[in-house]
């Protein structure tokens, strides 16, 4: 199924033809795994890719040769498989700041159209911040 088909119910066409995300669903198991991964690599930044099935984020992919560092996490997009089910990225901000940085908007946010920033202390769902490709907040629902 194409990316457009996966998020058909979640997207609304804007005037400039870039899909606008209204709301995204993510499985509780994935959220708990993201929080745990961020705790495990702290104080470095964590990075992963979001995979969706139908209308729900169901998996986090660890990109090959990822670099988890203080102040930045990176991966080489040319090492990724061609996979239409990858819809965006997740990365942590050990500083606790939940807004996307200029670097986020210019790099991570160009890959896919749903992005999650996870803030320290990585203990609750309130540490998750969901954004669209332009850095605008989007709503999310955690499903079982």
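Laboratory data are not the source of any read-out in this text; all were calculated from the coordinates shown. For clarity, every value in this text was computed on a predicted model and none was experimentally measured.
Volume of the convex hull of segment 21-137 (Cα atoms only), normalised per residue: 94 Å³. Once the chain from residue 65 to residue 27 is taken as fully extended at 0.36 nm per residue, the excess over their C-alpha distance is 11.1 nm.
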